[in-house]
RNA sequence: GCCGGAGUGGCGGAAUCGGUAGACGCAGGGGACUUAAAAUCCCCUUCCCGCAGGGGAGUCCGGGUUCGAGUCCCGGCUCCGGCACCA
């Protein structure tokens, strides 16, 4: 046994120990070894998609943070569920397989093995008995089972939906693969083409998905993004009869029914179904030309803000439903313009240029009348000042609602409309139903059968899973039909209920499916009778802490909440929400370098001298940029290399020491040395490098207890202050301050050789162990403990030792620090004042002290004249 | 434009309730030990003036509240992230 700190020897040994002894395995309720008296804690990482590139040093930041929490909770006596698995289905895996010419099953298995190896290298305390893989039939059997539950609830339907089609690649592409109307790979033009797709009725849950955010301890920014995505607006539908088109009317959605009398024109989207009826014959040619031009524009061009609004008059008129049709003010001209979107509301609006910016802009351009119907509060500029006023005010020029404040004007307008059956209250959402099918191979097959009469039945539970067929060629078909359509044998089957011939569905689920319930499978991954045992779910749910990147702020977290809520309604899960607390770890950036011709220079070929960067081989100065790690920027740092050089513990510490867990941080290849030096000092503090004893003699088992006095008492105080700061760091996961506090303690202890006691050494190692578990296990064992430190006690700060009996009294004159003096802790105000006066005599000479402010334990401030 | 967040030394960052700004670490400078190097240990390191004791300024900018402001209030600037013609 070497007495010099050597992580290359220590770390693999302890990693093997943990695996062999299943140190972090936690039993489920009712299983041997389960202790119901302990509280539960479920800390979950967003499980990774196992890419071919492996992990870079940015990926483990969240994993290390969650691991520190898990390890500490274990020491506090909790049953801790801390699992890991693989989000292995989906497009990237399929693309990678196509690229490498290997089957996705093979590449996924190899990538998973590499990820597992890398995660174990970091010393993360996962319960590997619970590992799951979404592409494993034993897992996706239950993904399909949950799908059938949603299907039975009527939450699944088929619809013709435009999808991206790339003529050049002869394939359908997912939204994520299309950027600005061109394919991500190859940059070929793509077009929208209607195709029959499976849809989830997520809009049925829109209200609860928005409202229940209030129950959650999530970052406000993520809640805001979800609310915005759901985009709930309360208002009214208003029905405008069409003049000259008997029996037809135009329905619009508005959030401002109170501005109805200010509607001086109407606008319909170019795709509006009634447009042909509305347009008069003399205008038809112009309208058709406009519609044709709009349809040839890409989505990007349509939504480009910089562009000016365009539109043409249809010749048709609509009638204000609250005015007499004979009243000339009731007739409202109808325009067609592409600033109105067919996909939102009713695809038509009443335009109120006085109180809507977009309508105002359009009206000014085409010389349409602008009428004020909302008077702004005094002092707020409005139409009288030539600007459009969109806020709340008082209704004017509006007949029956004149004089009412905006909220009441809205309510009364809706009442009047309802009386005339010309409108009703309406809540509108920006959220769309969820397009759930992909014409791809590497995903869960739909557990659905198409019968010859055109009906669709679901596969019964006892026939699940519907396994993905083995296919040698899994590339998309040239005509856009899914690869599974070519699996002839697999395709034709019979309906188990009737024995009639049936055809399997050939679409697969998107990559999101497996991640919509994996936290539930982790609770009981062994069950083959249900997705999980109900008692396991009742015990472990909900996830107490979910750590992951903010990139999943909307889609994954919204989809996961949706499935969870449906399962909750069905009584399958006991909680209304899956993730009680969400925490987003910060991004990692790293310097990248370019030479004079903007060519990228690999980061490891660059030296930094006096703030400038030079290419080592040529001595040429290079320019530094800072960006997220990527292969293309040649600035990727692999944790394998960092760990090989400095050890996993130093790596873990450095990742946490760079910044609070939530903040963006910048990787510096040199910075880690401070953390490595700290661990060297820790080891030397407890172990005599030239000796042969496992620890220094005064720290060994049976070493005589020593009184808390002199430097030992000082260390006791230093230790307790450290423990307090470490504890506080767990509130917002600013572990950088915890590590700084431990460094300070080790500095204090190193300055007082021989003063550290065994008890102090033990408590220090316990506090260190969640952060640097390998060295902690090693030192714990050397201190004579047979059991792993993983379940040792978590050390608590003793308030009796947080303060010295004296403190440094700061003395200010007029708020400026003019002196300092040592004062006894319990001194009264009078004593402090006279002590303070003595320290700043020369500043008080010839001055009159008007007032003295005393903050006990801190400072005295003299106010003088 | 709207929503969310942030601006502190050469760098990453710290600072409880409004109470010593710059903890801890990196980088840099000086020294000890060494034949030498590495490692280790000690000292210095916000800026300006001064040989020094010491003094002045200073937390994005401008105001304000207060005995006292990095922290609170008002106005502005910059940066990062999200949404973006959603009626």
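The values are calculated or read from the model by the stated rules, or taken from the named source; none is laboratory data. Just so it is clear, the structure is predicted and the values come from calculations on it, not from any experiment. Positions of Cβ are backbone-derived with ideal geometry, glycine not excepted, and every protein chain shown enters the neighbour counts.
Regarding residue A:572, is this residue within 16 Å of RNA strand B (Cβ to nearest atom) and more than 26 Å from residue A:639 (Cα to Cα)?
The answer is no for residue A:572.
Per the conditions (1) assigned to a strand (DSSP E or B); (2) within 16 Å of residue A:253 (Cα to Cα), the sole criterion not satisfied by residue A:340 is (1).
Rundown of residues vs (1) at pLDDT 95 or above; (2) in contact with a strand residue (DSSP E or B) (Cβ under 7 Å, 6 or more places away or on another chain), yes/no style:
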site: A:516; (1), (2): yes, no
site: A:534; (1), (2): yes, no
site: A:539; (1), (2): yes, yes
site: A:542; (1), (2): yes, yes
site: A:547; (1), (2): yes, yes
site: A:554; (1), (2): no, no
site: A:567; (1), (2): yes, no
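Taken residue by residue, region A:796-814 has at least one member that is under 30 Å from residue A:63 (Cα atoms), in contact (Cβ under 8 Å) with a residue 12 or more places away in the chain and surrounded by fewer than 22 Cβ atoms within 10 Å (Cβ to Cβ). Looking only at residues in region A:503-548 that are more than 23 Å from residue A:136 (Cα to Cα) and out of contact with any helix residue (DSSP H, G or I) (no Cβ under 7 Å at 6 or more places or on another chain), the one that is surrounded by the most Cβ atoms within 10 Å (Cβ to Cβ) is A:546. The set of residues in region A:353-390 that are within 7 Å of RNA strand B (Cβ to nearest atom) and crowded, with 18+ Cβ neighbours inside 10 Å contains only A:356. In the set (1) more than 8 Å from RNA strand B (Cβ to nearest atom); (2) in a loop (DSSP other than H, G, I, E, B); (3) buried (at least 17 other Cβ atoms within 10 Å of the Cβ); (4) at pLDDT below 95, residue A:291 fails one condition alone, (2). Looking only at region A:642-682, which residues are outside any helix (DSSP H, G or I) and either without any contact (Cβ under 8 Å) to a residue 12 or more places away in the chain or near RNA strand B (Cβ under 8 Å from one of its atoms) (or both)? Scanning region A:642-682 gives A:658, A:659, A:660, A:663, A:664, A:665, A:666, A:668, A:670, A:671. Can residue A:400 be described as more than 14 Å from RNA strand B (Cβ to nearest atom), under 39 Å from the mean Cα position of the chain (by Cα) and either at pLDDT below 95 or over 30 Å from residue A:226 (Cα atoms) (or both)? Considered against the rule, which asks whether it is more than 14 Å from RNA strand B (Cβ to nearest atom), under 39 Å from the mean Cα position of the chain (by Cα) and either at pLDDT below 95 or over 30 Å from residue A:226 (Cα atoms) (or both), residue A:400 comes out as no.
Need a quick list: strands (runs of 3 or more DSSP E) entirely within region A:420-492 having at least 1 residues that are within 30 Å of residue A:260 (Cα to Cα). Answer list for region A:420-492: A:423-428. All conditions in (1) at positive phi; (2) touching a residue at least 40 places away in the same chain (Cβ under 8 Å) hold for residue A:187, with the sole exception of (2). Within region A:327-346, the only residue that satisfies the criterion of being touching a strand residue (DSSP E or B) at 6+ places or on another chain (Cβ under 6 Å) and without any contact (Cβ under 8 Å) to a residue 60 or more places away in the chain is A:330. Restricting attention to region A:683-694, the residues that are away from RNA strand B (no atom under 12 Å from the Cβ) and either outside any helix (DSSP H, G or I) or within 22 Å of residue A:587 (Cβ to Cβ) (or both) total 7. Taking region A:550-563 as the range and being away from RNA strand B (no atom under 16 Å from the Cβ) and within 19 Å of residue A:583 (Cα to Cα) as the test, the residues that pass are A:560, A:561.
Report yes if some residue within region A:713-724 is in a loop (DSSP other than H, G, I, E, B), surrounded by 15 or more Cβ atoms within 10 Å (Cβ to Cβ) and in contact (Cβ under 8 Å) with a residue 60 or more places away in the chain; otherwise report no.
no
Selection within region A:727-752: residues that are farther than 18 Å from residue A:66 by Cβ and not in a helix (DSSP H, G or I). The member of this set that is farthest from RNA strand B (Cβ to nearest atom) is A:752.
With the structure loaded, tell me whether residue A:700 is exposed (fewer than 14 other Cβ atoms within 10 Å of the Cβ) and more than 14 Å from RNA strand B (Cβ to nearest atom) or whether it fails that test. The answer is no for residue A:700.
Screening A:448, A:468, A:417 for residues that are at pLDDT 95 or above, buried (at least 18 other Cβ atoms within 10 Å of the Cβ) and within 16 Å of RNA strand B (Cβ to nearest atom) leaves exactly one candidate, A:417.
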